[in-house]
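I have placed the structure first, in the form of structure tokens, so that the comments after it can refer back to it.
The values are calculated or read from the model by the stated rules, or taken from the named source; none is laboratory data. The shown structure was predicted, so the numbers you read here are calculated from the model rather than taken from an experiment. We place every Cβ from the backbone using ideal geometry, glycine too, and count neighbours over all the protein chains shown.
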Amino acid sequence: MFTGIVEAIGRIHVATRRDGGCSLGIDAGTLDLGDVAVGDSIAVDGCCLTVVAIAGRVLHFYVSAETLSCTTGLDRVGAVNLEKALRFGDRLDGHLMQGHVDGVGTVVRCEAVPGDPRSVMLSIEAPAELAPLVAAKGSIAVSGVSLTSNRVDGRVFSVNLIPHTLDVTTLKNLAAGSRVNLEVDVLARYVARLAQTSCK
């Protein structure tokens, strides 16, 4: 489990396709690796991946074909948000996330907030199957960052990015047309499933 509070920005510097999947080498940036071991889970842009090797400050992962099919940004060089898995007793500052990406959204607008030019209003179009699971004032993970949806209009939801979030995550690099990993609130998934099965 994760919280969506990004601990460091890493960088994929090696992405090699093989066996339908992709092997990644990620420079961990400022992430504390003192308690990271092979077999541990790390959220990479919101996707839970297993550390398969460690070489100095570089973490190695294998991304399966299934994971590649429902995520974005895990098959090429670039900056990524990193978060280590929760431990029992850790503070929960964001919201509970599983690191199971539900789908890929597309940024439709990214603009300064009127009256607060250092903050950014980000509007994202969710896939049709996910849109009903996004609620105003509900939790949503965008590329591994825990955010609150301010408004929902059909398939498009908006989130406010404060200066701190922009400073410590990769969300500052987004623009209209950018693709992002989305994970809806876990409760929404189960409520939707219960509603689906109770109607049969």
Exercise for review: Please work out which one of (1) more than 18 Å from residue 79 (Cα to Cα); (2) of a type in the set (Asp, Glu); (3) surrounded by 20 or more Cβ atoms within 10 Å (Cβ to Cβ) is the condition residue 45 fails and give its number.
Suggested key: (1)
**Study point:** Complete set of residues in region 81-105 that are farther than 20 Å from residue 172 by Cβ, of a type outside the set (A, V, I, L, M, F, W, C) and assigned to a strand (DSSP E or B)
**Key:** 84, 103
**Study point:** Checklist (1) in contact (Cβ under 8 Å) with a residue 12 or more places away in the chain; (2) in a loop (DSSP other than H, G, I, E, B); (3) more than 25 Å from residue 12 (Cα to Cα); (4) not aromatic (Phe, Trp, Tyr) applied to residue 108, failing item
**Key:** (2)
Exercise for review: Go through region 17-33 and give me each residue that's over 19 Å from the mean Cα position of the chain (by Cα) and farther than 16 Å from residue 51 by Cα.
Suggested key: 17, 18, 19, 20
Point to revise | Options 19, 40, 35: the member that is of a type in the set (Asp, Glu), in contact with a helix residue (DSSP H, G or I) (Cβ under 9 Å, 6 or more places away or on another chain) and without any contact (Cβ under 8 Å) to a residue 60 or more places away in the chain | key: 19
Review point. So how many residues does region 9-48 have that are modelled with pLDDT of 95 or more and at positive phi?
Key: 4
**Study point:** Residue within region 62-70 that is of a type in the set (Asp, Glu) and touching a Cys at 6+ places or on another chain (Cβ under 8 Å) present
**Key:** no
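Which residue out of 147, 122, 174, 166 is in contact with a helix residue (DSSP H, G or I) (Cβ under 6 Å, 6 or more places away or on another chain), under 21 Å from residue 73 (Cα atoms) and at pLDDT 95 or above?
Values: 147 fails: in contact with a helix residue (DSSP H, G or I) (Cβ under 6 Å, 6 or more places away or on another chain); 122 fails: in contact with a helix residue (DSSP H, G or I) (Cβ under 6 Å, 6 or more places away or on another chain); 174 fails: in contact with a helix residue (DSSP H, G or I) (Cβ under 6 Å, 6 or more places away or on another chain).
Only one candidate passes the filter, namely 166.
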Review point. Restricting attention to region 135-192, and to residues there that are over 24 Å from residue 116 (Cβ atoms) and free of Cβ contacts under 8 Å to residues at least 40 places away in the same chain, which single residue is surrounded by the most Cβ atoms within 10 Å (Cβ to Cβ)?
Key: 155
Revision key, fill the gap. Residue hits (region 122-169; part of a loop (DSSP other than H, G, I, E, B) and among the aliphatic types (A, V, I, L, M)) are 126, 128, 130, 134, 135, 136, 162
